[in-house]
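The values are calculated or read from the model by the stated rules, or taken from the named source; none is laboratory data. These numbers come from a predicted model, not from an experiment. Reconstructed Cβ throughout: ideal geometry from the backbone, glycine too, with neighbour counts over all protein chains shown. With ligands, DNA and RNA removed, areas are computed over all heavy atoms of the protein, side chains included. Shrake-Rupley method; radii C 1.70, N 1.55, O 1.52, S 1.80 Å.
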Amino acid sequence: NTTFIRLSIQPACFVDNPESRWASASALIREGADVSCADSSCVGVHQGPEKVSCKNAGGDLFDVTLADLAANFSSPEQLGPYKLLGGYAFSLGISAKQARDTIDRLIDVGMFTKNSVSIVFDWMMYNGNLDLFNYNMISFSMLSSGQVQMQTRNQVFPMNLSEGGGFFEGERKLALGLFIIYAALVVWYFIAQLLALREARFESKTEHASRNFILKFYSNPWNISDSFSLALSIFAIIFYVQFLIMEFRGKYKFSLNADEKYTIPNTAVKSLNMVPPWDPLRPQQDDWYMFAQFQQVEELYNTFLTVAALNSFFISIKVVKYVGQLERVLVFSGTLSNGKERIFYISLVISMLLMGFALFFNIMFGKAVLSLSSLGSAFFVLFTWMLGEVSNLQPLIDVNAPVAILGFVVFITIFYFIAVNMYLATMMNKYSETVGEMDIRRVKQQVRSEKSILVIEYDTKEKLKADLEIKFGEGSPTKVLVKEARGLAKEHGVAEGHIIIKVNGEQEHWKAYPNCEEIMEEGIKEDARDGKIRITFKDPPKTKELGAVVIQAVGLSEKAHDDTVVRATVKNFWRTQGAVTWVHQQVQNTARAEEGEDEQLEEHAEDDEDDEVIEDEERPPGDEAAHDQESFGMSKAVRLRTKRKLDQILFSRPGLRGTHDPPVYGQVADATRQTDEDAVDIDVLRDRIEGMPVTGEEAWLDCLLTAIERETDDDSVVSDVLRTADMQDVAKNQSGVRDKRPFMEFYENADQILKILEYKARKKYYQALKTESEQRREQLTRQNEVLNEYAWELERAFAEVMGSIYSHRARKESML
């Protein structure tokens with residue numbers, strides 16, 4: 001009604017200095033606590049039980065009534081000043097002239113001097129387009145030391161939550177609906193947290209379970225973060241519900257219509273001792289009441305936003321908890337987890353050094369440079385220097401140039417060039433270690449999953465019973481199989497059909513019982529050494545399919561005879577069996593056939609020696625050189641044709657014909673229906689496999705490994721890398737009994753390496769196809785452009801010819 005900006009002032013109270021020693025220099029001292037009075041009540045010394053005879057800064061008795069301004073002094077919790085902290089509340093009116101007049105009078109009476117401990121300006125603004133209110137506050141507080149602290153706050157908040165908002169009315173309703181969903185999810189997560197605590201308590205078997213299970217549960221940092229985030233979510237919901245049910249927020253409506261003016265409740269009129277409506281002071285008290293209500297709404301909404309913002313940070317941590325389990329992100333989260341100790345210690349060292357330099361710069365330059373006047377500000381400035389953001393050094397040079405330059409150079413050398421890079425090196429070192437550990441763990445897990453033997457350890461028999469159900473094998477009561485696997489066993493890959501071969505290292509005695517129930521109760525017992533149960537599983541027997549027969553047909557089966565097996569890890573395997581050698585032999589045979597070499601030359605190989613001598617004598621002297629030159633030309637032509645044919649294979653596309661003849665698909669399909677190894681003719685299979693087309697990606701792998709073997713002539717690079725001492729010990733064993741496990745692990749690891757090389761070969765193959773496709777596309781584009789130009793020229797020429805025809809025809813008709 002009468003106020004746009006409210007000015008709240010808390011006056012200072014000066015008393016005589018009780019210390020006679022210092023009274024001559026400072027006759028008066030300020031009474032009261034040394035706090036920021038803009039947010040605290042500092043008027044208790046003027047009224048109330050702590051009242052004293054206050055003076056102003058000039059030594060005169062202070063008149064709380066301010067007769068010159070006809071101002072009323074308000075005690076704390078009385079209507080008027082900012083936050084109802086007490087003091088004076090002045091209205092600066094609704095125009096600039098009224099505000100200047102009031103401020104001028106306050107200046108005249110000395111209120112903008114050390115006679116005031118706090119001065120607060122606050123006002124409200126309204127945006128009608130968006131239906132939003134904006135509360136603004138600027139405060140000044142004078143501490144006992146004479147330092148003036150300034151604070152500002154600006155908060156935008158809505159009063160209508162389900163209507164209004166202009167263009168954003170739909171978003172307001174959506175936000176309200178999302179809040180309801182969020183509250184329901186918080187309730188669900190609260191129940192889940194309680195169930196997790198209950199499960200932790202159930203798992204704890206100590207005597208002091210009520211204490212130890214909580215410590216064990218919160219030993220996991222993620223549980224601490226989840227609980228803290230849950231608490232913040234609950235507080236945020238409580239604050240927002242309080243904001244929703246505020247009576248003033250629900251009933252207030254901004255309107256210029258006097259009939260829709262907000263009516264102050266009678267309970268508030270009585271509790272705040274407001275004057276009757278006909279009193280001239282009532283409009284101003286109504287304004288003070290509106291300020292107080294808007295201030296409460298703003299504080300509650302600001303508290304809600306603060307808690308919600310803090311909760312957003314912990315929710316992001318919770319998201320990291322789940323996202324960090326993804327394979328692509330696991331390397332980064334694992335680096336932070338594994339390197340937290342190193343990060344902590346190097347951060348501690350950097351912080352200690354930084355604090356030492358902050359003390360140095362604060363002592364040397366703090367008295368003249370504002371940014372270094374306090375230890376905290378100096379620490380922050382040096383921290384920005386360490387990050388490379390160097391501010392103006394001229395103020396430091398003006399104070400003490402040699403010390404400033406030398407200190408800056410030493411600081412930048414230690415922190416920017418050494419400390420920061422050490423920090424990054426620590427992170428990168430831990431990152432490389434984490435990547436290596438993850439690769440090793442992944443390979444170990446893959447190898448472990450491919451092994452036929454698996455050992456699982458259980459703490460108690462109850463967990464074993466909960467995980468496994470057993471049965472006897474068909475027709476074999478001495479063979480115990482897994483009927484159903486759950487829990488830990490299922491996680492390790494145990495499934496129905498797995499064979500239990502050992503219990504705690506023992507094979508027979510544990511299964512000497514007539515039924516499965518007695519085996520679980522009496523046969524399987526805890527190990528007397530440590531009280532645990534170790535179950536050894538073996539994979540179920542596998543039925544052989546055509547794939548195993550095909551592998552054996554090409555000579556790669558492990559059961560093949562040693563004299564016929566050609567393994568991919570022996571010396572020069574790929575150079576003799578790869579695509580390069582095969583294509584070269586094929587081209588060479590074709591070239592020989594084209595040159596007319598036939599079997600008749602072999603039949604006449606044993607001619608008379610006399611004829612051979614005569615031929616040698618009759619041969620011209622330069623004929624041998626000509627023959628060698630002819631052979632060299634033929635070899636060069638064969639290599640050129642081999643390269644061309646190999647290029648056709650390398651850049652061939654799936655589904656197109658390769659270097660071999662097209663397979664007889666009907667016969668291959670019939671062969672795939674045969675599952676009996678004895679019923680398949682190996683020679684037929686070998687012929688059919690050799691008749692299948694070779695794809696480009698297969699040839700790339702052959703070429704890659706052939707090139708590797710050419711670089712390492714001594715031994716196969718795969719064998720050289722993977723050969724272990726166990727394999728050598730087995731080879732030196734004279735007992736005649738060979739352990740196949742080292743060789744099985746060797747071939748499994750060799751298969752992994754060949755797969756990696758195969759992926760690289762495929763990458764090269766598809767990159768070549770991509771380049772070829774782009775070249776063909778460019779060629780077709782150019783051809784289309786030429787064709788388009790040619791067609792356009794033809795159309796233009798055709799139009800000219802047709803025009804000439806019609807012209808001559810018209811001239812002929814006119815002549816006739």
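Structural remarks
- Test: N154 is open to solvent by 60 Å² or more (accessible area, probe 1.4 Å), touching a helix residue (DSSP H, G or I) at 6+ places or on another chain (Cβ under 8 Å) and not in a helix (DSSP H, G or I): no
- Among the residues of the stretch 1-15, those identified as open to solvent by 30 Å² or more (accessible area, probe 1.4 Å) and modelled with pLDDT of 85 or more are F4, I5.
- Restricting the stretch 444-459 to residues that are out of contact with any His (no Cβ under 8 Å at 6 or more places or on another chain) and modelled with pLDDT of 85 or more leaves a set whose member that is nearest to E518 (Cα to Cα) is Y458.
- Subset of the stretch 6-31 (residues that are more than 60 Å from the chain's Cα centre (by Cα), of a type outside the set (F, W, Y) and not in a strand (DSSP E or B)): N17, P18, E19, S20, R21, A23, S24, A25, S26, A27
- Residue within the stretch 41-50 that is in a loop (DSSP other than H, G, I, E, B), hydrophobic (A, V, I, L, M, F, W, C), open to solvent by 40 Å² or more (accessible area, probe 1.4 Å) and modelled with pLDDT under 80 present: no
- Conditions (1) under 29 Å from E203 (Cα atoms); (2) open to solvent by 80 Å² or more (accessible area, probe 1.4 Å); (3) among the basic types (K, R): number failed by R442: (1)
- Scanning the stretch 212-250 for residues that are loosely packed, with under 12 Cβ neighbours inside 10 Å and out of contact with any Pro (no Cβ under 9 Å at 6 or more places or on another chain) returns L215, S219, N220, I245.
- Residues that are touching a residue at least 12 places away in the same chain (Cβ under 8 Å), of a type in the set (K, R) and out of contact with any His (no Cβ under 9 Å at 6 or more places or on another chain) do not occur anywhere in the stretch 264-283.
- Taking the stretch 312-419 as the region of interest, the helices (runs of 4 or more DSSP H) fully inside it that hold 2 or more residues being farther than 30 Å from N223 by Cα, open to solvent by less than 70 Å² (accessible area, probe 1.4 Å) and touching a helix residue (DSSP H, G or I) at 6+ places or on another chain (Cβ under 6 Å) are 340-365, 375-386, 394-399, 401-411.
- On the stretch given as the stretch 230-252, residues that are in contact (Cβ under 8 Å) with a residue 60 or more places away in the chain and either of a type outside the set (S, T, N, Q) or over 28 Å from F313 (Cα atoms) (or both) total 9.
- Single unsatisfied condition, D459 versus (1) crowded, with 16+ Cβ neighbours inside 10 Å; (2) closer than 30 Å to R442 by Cβ: (1)
- Comparison of K502, K483, K471 shows that the only residue that is of a type in the set (D, E, K, R), without any contact (Cβ under 8 Å) to a residue 60 or more places away in the chain and touching a helix residue (DSSP H, G or I) at 6+ places or on another chain (Cβ under 7 Å) is K471.
- Here T434 fits the description: open to solvent by less than 60 Å² (accessible area, probe 1.4 Å), assigned to a helix (DSSP H, G or I) and in contact with a Ser or Thr (Cβ under 9 Å, 6 or more places away or on another chain).
- Tally, over the stretch 130-151, of residues that are closer than 30 Å to S255 by Cα, open to solvent by less than 20 Å² (accessible area, probe 1.4 Å) and not aliphatic (A, V, I, L, M): 5
- The stretch 134-192: number of residues that are of a type in the set (G, A, S) and either in contact with a Lys or Arg (Cβ under 9 Å, 6 or more places away or on another chain) or closer than 30 Å to M111 by Cβ (or both): 8
- E299 being among the acidic types (D, E), farther than 27 Å from S162 by Cβ and either part of a helix (DSSP H, G or I) or under 36 Å from the mean Cα position of the chain (by Cα) (or both): no
- Some residue of the stretch 171-186 being of a type in the set (D, E), modelled with pLDDT of 80 or more and either in contact with a His (Cβ under 8 Å, 6 or more places away or on another chain) or more than 30 Å from N129 (Cα to Cα) (or both): no
- When the residues of the stretch 483-521 are filtered to those that are in a loop (DSSP other than H, G, I, E, B) and among the hydrophobic types (A, V, I, L, M, F, W, C), the one that is surrounded by the fewest Cβ atoms within 10 Å (Cβ to Cβ) is A512.
- Residue selected from the stretch 525-541 under the condition out of contact with any Phe, Trp or Tyr (no Cβ under 6 Å at 6 or more places or on another chain) and among the β-branched types (V, I, T), by the criterion surrounded by the most Cβ atoms within 10 Å (Cβ to Cβ): I535
- Among all residues of the stretch 175-187, there is none that is open to solvent by 90 Å² or more (accessible area, probe 1.4 Å), free of Cβ contacts under 8 Å to residues at least 24 places away in the same chain, farther than 19 Å from A309 by Cα and of a type in the set (A, V, I, L, M, F, W, C).
- Residue ID - farthest from the chain's Cα centre (by Cα), chosen from residues in the stretch 253-279 that are among the aliphatic types (A, V, I, L, M) and outside any helix (DSSP H, G or I): V275
- Selection within the stretch 403-432 - over 13 Å from M386 (Cα atoms) and polar (S, T, N, Q): T426, N429, S432
- Counted residues, the stretch 106-126 - those being exposed (fewer than 15 other Cβ atoms within 10 Å of the Cβ) and touching a residue at least 12 places away in the same chain (Cβ under 8 Å): 5
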